[in-house]
1. Using label points projected 7 Å from each Cα along Cα→Cβ, tell me how many nm separate residue 136 and residue 57, to one decimal.
2. Write down Rg/Rh for segment 144-183, rounded to two decimals, with Rg from the C-alpha atoms and Rh from the Kirkwood relation over Cα pairs.
3. Label 7 Å along Cα→Cβ of residue 176; segment 107-132 residues with amide nitrogen under 15 Å?
4. Quick one: in segment 1-110, what % of C-alpha pairs are over 26 Å apart?
5. Using all alpha carbons of the chain, what is the percent of pairwise distances in each 5 Å bin, ordered from the shortest bin to the longest?
6. Is the shape of segment 43-107 rounded, prolate or oblate, going by the alpha carbon gyration tensor and its root eigenvalues a ≥ b ≥ c, with a/c under 1.5 for rounded and a/b larger than b/c for prolate?
7. Taking the Cα of residue 166, stepping 7 Å toward and past its beta carbon, and measuring to each backbone N in segment 36-77: which are under 13 Å?
8. What relative contact order, as a whole-number percentage, does segment 53-187 give when Cα pairs under 8 Å and 6 or more residues apart are counted?
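FYI, it's all coordinate maths here, none of it is from the lab. For clarity, every value in this text was computed on a predicted model and none was experimentally measured. Quick reminder, even Gly has a Cβ in these numbers, built from the backbone with ideal geometry, and neighbours come from all protein chains shown.
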């Protein structure tokens with residue numbers, strides 16, 4: 001069992017988790033975070049609720065406007081668990097992203113806007129109902145999340161995301177306002 005998963009399942013505090021993640025070199029950090037299963041992800045989401053606020057500037061600093069920022073992710077679904085969330089900040093300050101994964105050709109890129117969460121001042125909202133008019137030049141064409149197979153994956157989706165560390169986030173997915181019992185971790 002990966003060390004981070006073991007710590008979380010044995011009742012670690014948020015400080016224990018933060019110290020562990022911050023003490024790892026990048027390759028080990030990514031591997032350890034992506035080893036978290038659904039149970040550990042849910043516990044981590046609860047722990048992160050006692051942490052500090054996640055701001056738009058922490059996700060993508062203004063200095064990185066117009067550049068792609070990539071987080072590696074793992075969700076709690078039974079299949080297609082690995083993905084990336086790729087972000088960019090426009091000159092007007094708005095942040096958008098999309099999901100890059102092996103099934104993108106079928107499900108679509110799943111674009112979303114990142115805003116402050118209306119339900120908790122510490123969270124960010126990844127809102128799949130608000131899309132950019134276009135992404136970065138190298139990104140796939142923006143597609144409506146309510147059409148084709150995308151509607152089953154991204155239609156009506158909202159992810160509520162909490163900060164664990166500067167390099168690690170944890171989120172919980174909702175569709176049409178309903179908890180779909182799906183969590184994920186992001187790490188860079």
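1. Reported label-point gap for residue 136 and residue 57 is 2.2 nm.
2. Numbers: Rg = 12.0 Å, Rh = 11.0 Å.
That ratio is 1.09, to two decimals.
3. Under 15 Å, as judged by backbone N against the label point of residue 176, lie 129 of segment 107-132.
4. Numbers: 1630 of 5995 pairs.
Within segment 1-110, distances greater than 26 Å cover 27 percent of Cα pairs.
5. 1, 8, 17, 22, 21, 16, 10, 4, 1, 0
6. Details: a/c = 3.10, a/b = 1.16, b/c = 2.69.
Oblate is the answer for segment 43-107, as a/c is 1.5 or above yet b/c matches or exceeds a/b.
7. 58-61
8. On the way: 301 pairs, mean separation 29.2, N = 135.
So the answer I get is 22 percent.
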